[in-house]
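**Student:** Mind having a look at this structure? Questions to follow.
The values are calculated or read from the model by the stated rules, or taken from the named source; none is laboratory data. Fair warning: this is a prediction, and the values are worked out from it, not measured in the lab. Here the Cβ positions follow ideal geometry from the backbone for every residue, glycine too, while neighbour counts run over all protein chains shown. Quick note on the areas: whole protein, heavy atoms, side chains included, nothing else; ligands and nucleic acids left out. Shrake-Rupley method; radii C 1.70, N 1.55, O 1.52, S 1.80 Å.
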Amino acid sequence: MPRLHRRAFLSAAAAICAAPALAATTMPSTQVDVVIVGAGAAGIAAARRIAAAGRRYVVLEAADHVGGRCVTDTRIFGLPYDLGAHWIHTPNLNPLTKLGTRRGLEIYPAPASQKVRVGRRYAREGEMEDFLAAQVRANRAIIDAARRADVACEQTLPKDLGDWRPALEFVLGPYTCGKDLEQVSALDFARAQEREAAAFCRQGFGALVAALADGINVKLSTPVLAIDSRRNVSVETANGVITARAVIVTVSTNVVTSGAIKFTPDLVAGHLEMFGKLSLGSFDHVALELADDALGFESDDLVFEKSADRHTAAILANVAGTSLCLVEVAGSFGRELSAQGEAAMVDFAADWLAGLYGADVKKAVKRSHATRWNHDPLTLGAFSAAAPGWQKARRMLMPPANDAVWFAGEALHESLWGTVGGAWDSGERAGDAVLRRLGGAKEAPGAEALPPVRPKPRAPRSRQQEIGAAPGLFAR
Ligand SMILES: Cc1cc2nc3c(=O)[nH]c(=O)nc-3n(C[C@H](O)[C@H](O)[C@H](O)COP(=O)(O)OP(=O)(O)OC[C@H]3O[C@@H](n4cnc5c(N)ncnc54)[C@H](O)[C@@H]3O)c2cc1C
């Protein structure tokens with residue numbers, strides 16, 4: 001059956017929680033150089049920078065595990081199940097690839113192509129060509145429009161996409177950005193770095209990120225309640241107050257705007273507005289354990305549907321060669337579904353698969369689980385996508401507030417937003433900025449020698465970029 005080839009086409013368009021044994025709630029020395037709020041990818045990356053410079057620091061994490069939106073569960077299905085991020089984008093440039101491999105984790109390339117289901121069969125050659133051609137045109141239209149003005153992606157789409165339009169809208173919007181295209185900035189979409197190649201970590205992407213927190217001073221189950229930066233910085237938690245010279249806040253944009261952390265002085269209205277313009281979209285996995293080879297999937301098959309409307313999904317099947325299939329629901333439809341609860345999500349996934357592969361699928365479903373990131377109070381959504389007109393907010397939030405409070409995380413990356421690699425880069429950047437502010441390194445680290453900061457080599461321009469098409473974003 002024909003497959004979409006990512007390199008040729010799709011580049012045109014995207015434990016028990018694996019937590020290391022870290023200290024729980026006992027508070028550290030109450031005075032440090034830097035407090036880092038949140039032990040997701042950005043917080044861990046920032047901490048490694050600060051630690052490498054020999055500065056005193058602590059990472060305060062509200063959850064009872066590290067990883068944030070990149071966490072691997074092994075309890076539910078007895079095998080690695082990434083509850084959040086799973087795809088390692090641009091593995092050749094992604095620092096996490098090398099760091100994971102050094103820790104003995106297995107990283108293997110994702111298949112370079114995807115499939116499309118048309119009702120009960122796979123798309124024929126000619127249908128694939130139509131779909132791919134429409135996709136290239138849609139991407140070009142978004143990029144061209146973004147050169148003129150930062151409008152909504154939806155507004156820029158060619159009018160004649162025909163009956164592939166709903167499928168394209170799903171792939172480019174909810175599946176890639178977590179939001180419907182009318183809510184996504186064309187400039188944000190266009191700036192996203194090409195993510196054409198991808199890889200997976202057999203032990204789970206979350207297990208990889210957790211491994212990188214080994215040796216980092218993290219206090220789990222320690223929510224930060226308030227940050228006062230009027231004189232030095234004092235960070236209030238349920239277990240006491242810590243003073244510091246600087247703080248790096250890595251919580252999600254939706255957590256910032258929720259008011260869960262009280263800032264004194266108040267974040268200026270402009271700051272809050274910008275976080276609001278980078279709000280999180282909706283993206284969830286409905287994980288189904290299927291009886292062996294029930295649907296004839298190959299390992300890590302990615303399948304889209306030629307859908308009629310927005311009530312659609314994607315499948316990542318036989319994850320790492322196991323019997324686990326992830327039905328991915330996203331955007332406004334995914335949000336509505338997740339609001340109905342896990343049972344409704346599992347029902348939708350089973351019905352949807354039955355519509356594409358026949359009613360017997362339902363009999364093949366063994367155990368199931370659905371994530372509901374919008375309802376997790378420590379994230380309140382999946383990943384950021386800028387509102388039309390607001391791509392600029394990502395850069396505008398990079399300078400410190402009140403000269404002592406830095407923000408970091410996936411939302412503060414101009415091209416790798418919505419990814420673990422972007423969160424990691426952003427954390428390292430904030431760590432470096434704080435070190436400059438504090439006057440550089442204290443002494444060489446005793447633990448792991450970390451590499452110096454070097455500008456990353458630019459990816460060679462692909463044919464797709466040369467012809468001016470959009471970044472490929474289909475790895476999610
Ligand atoms: C379902 C899903 C699928 C995804 N798929 C991919 C993918 O395939 N590839 C990819 O690269 N990216 C993917 N992403 C995006 C990726 O997971 C995120 O971009 C990245 O993990 C964000 O890291 P972060 O450090 O910026 O934020 P977070 O991971 O959210 O870290 C912030 C931390 O702050 C903590 N926190 C919150 N409030 C407080 C408080 N008051 N006090 C202390 N701590 C607090 C949180 O518990 C959390 O640990 C996906 C995300 C989701 C949800």
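**Student:** For the range 29-67, enumerate the residues that are of a type in the set (Asp, Glu) and within 13 Å of the ligand (Cβ to nearest atom).
**Tutor:** GLU61, ASP64 - these are the residues of the range 29-67 that are of a type in the set (Asp, Glu) and within 13 Å of the ligand (Cβ to nearest atom).
**Student:** Name the residue that is nearest to ALA260 (Cα to Cα), counting only residues in the range 349-384 that are within 16 Å of the ligand (Cβ to nearest atom) and among the hydrophobic types (A, V, I, L, M, F, W, C).
**Tutor:** In this case the residue turns out to be LEU378.
**Student:** Could you pull out every one of the helices (runs of 4 or more DSSP H) wholly within the range 192-297 that has 1 or more residues that are within 11 Å of the ligand (Cβ to nearest atom)?
**Tutor:** In the range 192-297, the matching helices (runs of 4 or more DSSP H) lie at 205-211, 253-258.
**Student:** What pairs come up if the first residue lies in the range 248-262 and is open to solvent by 10 Å² or more (accessible area, probe 1.4 Å), the second is small (Gly, Ala, Ser) and part of a loop (DSSP other than H, G, I, E, B), and their beta carbons are under 7 Å apart, counting only those six or more places apart or on different chains?
**Tutor:** THR250/GLY38; THR250/ALA408; THR250/GLY409; VAL251/GLY38; ASN254/SER279; ASN254/GLY381
**Student:** On to the next question. Can you find, within the range 410-419, the residue that is most open to solvent (accessible area, probe 1.4 Å) among those that are more than 6 Å from the ligand (Cβ to nearest atom) and in a loop (DSSP other than H, G, I, E, B)?
**Tutor:** Here the residue is GLU414.
**Student:** Test each condition in (1) among the polar types (S, T, N, Q); (2) more than 9 Å from the ligand (Cβ to nearest atom); (3) within 25 Å of VAL251 (Cβ to Cβ) for ASN94 and report the one that comes out false.
**Tutor:** The failed condition is (2).
**Student:** Based on this model, can you work out whether GLY355 counts as modelled with pLDDT of 95 or more and at positive phi?
**Tutor:** Here the answer is no, as GLY355 does not meet what is asked.
**Student:** So, LEU161, is that one touching a helix residue (DSSP H, G or I) at 6+ places or on another chain (Cβ under 9 Å) and at pLDDT below 95 or not?
**Tutor:** Taking the combined requirement at face value, the residue satisfies it.
**Student:** For the range 385-409: of the residues being open to solvent by less than 10 Å² (accessible area, probe 1.4 Å) and assigned to a helix (DSSP H, G or I), which is nearest to the ligand (Cβ to nearest atom)?
**Tutor:** ARG394
**Student:** Can you confirm whether GLU196 is under 20 Å from the mean Cα position of the chain (by Cα) and charged (D, E, K, R)?
**Tutor:** yes
**Student:** Now a separate question. Need pairs with beta-carbon distance below 7 Å; first residue more than 12 Å from ARG191 (Cα to Cα) and within the range 135-149, second surrounded by 19 or more Cβ atoms within 10 Å (Cβ to Cβ) and at pLDDT 95 or above; sequence gap 6+ or separate chains.
**Tutor:** GLN135/LEU168; ALA138/LEU157; ALA138/LEU168; ALA138/LEU172; ALA141/THR156; ALA141/LEU157; ALA145/THR156; ALA145/ALA186
**Student:** Then there's this: Hey, could you check the range 314-336 for residues that are in a loop (DSSP other than H, G, I, E, B) and out of contact with any Phe, Trp or Tyr (no Cβ under 6 Å at 6 or more places or on another chain) and say which is farthest from the ligand (Cβ to nearest atom)?
**Tutor:** In this case the residue turns out to be SER323.
**Student:** Among the residues of the range 420-440, write down those that are out of contact with any Gly (no Cβ under 9 Å at 6 or more places or on another chain), within 7 Å of the ligand (Cβ to nearest atom) and open to solvent by 10 Å² or more (accessible area, probe 1.4 Å).
**Tutor:** Correct list: empty.
**Student:** Report every pair of residues separated by at least 6 positions or lying on different chains whose Cβ atoms are under 6 Å apart, first residue within the range 57-74 and closer than 17 Å to HIS369 by Cα, second of a type in the set (D, E, K, R) and within 9 Å of the ligand (Cβ to nearest atom).
**Tutor:** From residues that are closer than 17 Å to HIS369 by Cα, the pairs are THR72/ASP82.
**Student:** List pairs: first residue in the range 202-220 and over 23 Å from GLN31 (Cβ atoms), second residue hydroxyl-bearing (Ser, Thr, Tyr) anywhere in the structure, Cβ distance under 6 angstrom, at least six positions apart or on different chains.
**Tutor:** From residues that are over 23 Å from GLN31 (Cβ atoms), the pairs are GLY204/THR72; GLY206/THR72; ALA207/THR72.
**Student:** Still on this structure, I have one more. Can you tell me which of ALA112, ALA141, ALA133 is touching a Pro at 6+ places or on another chain (Cβ under 7 Å) and open to solvent by 10 Å² or more (accessible area, probe 1.4 Å)?
**Tutor:** The conditions single out ALA141.
**Student:** Using beta carbons and a limit of 7 Å, which pairs, at least six apart or on different chains, have the first residue in the range 399-416 and among the aromatic types (Phe, Trp, Tyr) and the second one modelled with pLDDT of 95 or more and open to solvent by 10 Å² or more (accessible area, probe 1.4 Å)?
**Tutor:** Qualifying pairs under 7 Å: TRP406/ALA433.
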